[in-house]
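The values are calculated or read from the model by the stated rules, or taken from the named source; none is laboratory data. Everything quoted here is computed from the prediction, not taken from an experiment. When we count neighbours, we look across all protein chains shown, and the Cβ atoms used for this are built from the backbone with ideal geometry, even at glycine.
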Amino acid sequence: MVVSDFSIRPQIFIYVTDEKLTATIEYLLYGIEEEGIPYQIVAVSAQEAVAAAYEAAKTSSLSTGVGCDGQKVVLHYKNLAPNQPYLVIDRYQTVSKKQLKAFGSNCARLVKRIPFKDLEENE
């Protein structure tokens, strides 16, 4: 059983499988910032986004984590099954900046327990 360390500042942990991926999620970070929730990016040795997101959620005192592996970005909540994340964007580098920002907003909105933004492109 993993117990959250409440001495850690309340924030969403974002676990990336490669430090270079931080630049690819810039708009996701803007979405989180816009909602006013702090975050921290950590490079981890996980091989894929779902596992990284679950570990991030277990570490966060907010019970919310994001994982990124270069193919997917994943939002996970610590009370969900490890292989059943809350939201996933596959091939996230091909979606619009607006969609990636909305995904980031939704990461923060899960913490705030308010309705999510629509991830569908409205042109």
Quiz item: Got a sec? Which of THR64, THR59, THR24 is under 22 Å from PRO10 (Cα atoms), β-branched (Val, Ile, Thr) and over 12 Å from the mean Cα position of the chain (by Cα)?
Solution: THR59
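Considering only residues that are of a type in the set (A, V, I, L, M, F, W, C) and either surrounded by fewer than 14 Cβ atoms within 10 Å (Cβ to Cβ) or out of contact with any strand residue (DSSP E or B) (no Cβ under 6 Å at 6 or more places or on another chain) (or both), which ones fall in region 64-93?
Answer for region 64-93, where residues must be of a type in the set (A, V, I, L, M, F, W, C) and either surrounded by fewer than 14 Cβ atoms within 10 Å (Cβ to Cβ) or out of contact with any strand residue (DSSP E or B) (no Cβ under 6 Å at 6 or more places or on another chain) (or both): LEU80, ALA81.
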Quiz prompt | Residue list for region 94-116, restricted to those being surrounded by fewer than 16 Cβ atoms within 10 Å (Cβ to Cβ) and either at pLDDT below 95 or small (Gly, Ala, Ser) (or both) | solution = SER96
Quiz item: For HIS76, which of the numbered conditions (1) in a strand (DSSP E or B); (2) at positive phi; (3) of a type outside the set (Val, Ile, Thr) fails to hold?
Solution: (2)
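Check whether at least one residue in region 51-64 is free of Cβ contacts under 8 Å to residues at least 24 places away in the same chain and closer than 27 Å to GLU120 by Cβ, and report yes or no.
No: zero hits.
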Practice problem: Sort through GLN40, GLN84 and tell me the only one that's outside any loop (DSSP other than H, G, I, E, B), farther than 20 Å from ALA102 by Cβ and not hydroxyl-bearing (Ser, Thr, Tyr). | Solution: GLN40
Quiz item: Regarding VAL16, is this residue touching a helix residue (DSSP H, G or I) at 6+ places or on another chain (Cβ under 7 Å), among the β-branched types (Val, Ile, Thr) and farther than 23 Å from GLN99 by Cβ?
Solution: no
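Among the residues of region 30-49 satisfying the criterion of being closer than 11 Å to VAL16 by Cα and modelled with pLDDT of 95 or more, which is surrounded by the most Cβ atoms within 10 Å (Cβ to Cβ)?
Only one residue fits best here, namely ALA49.
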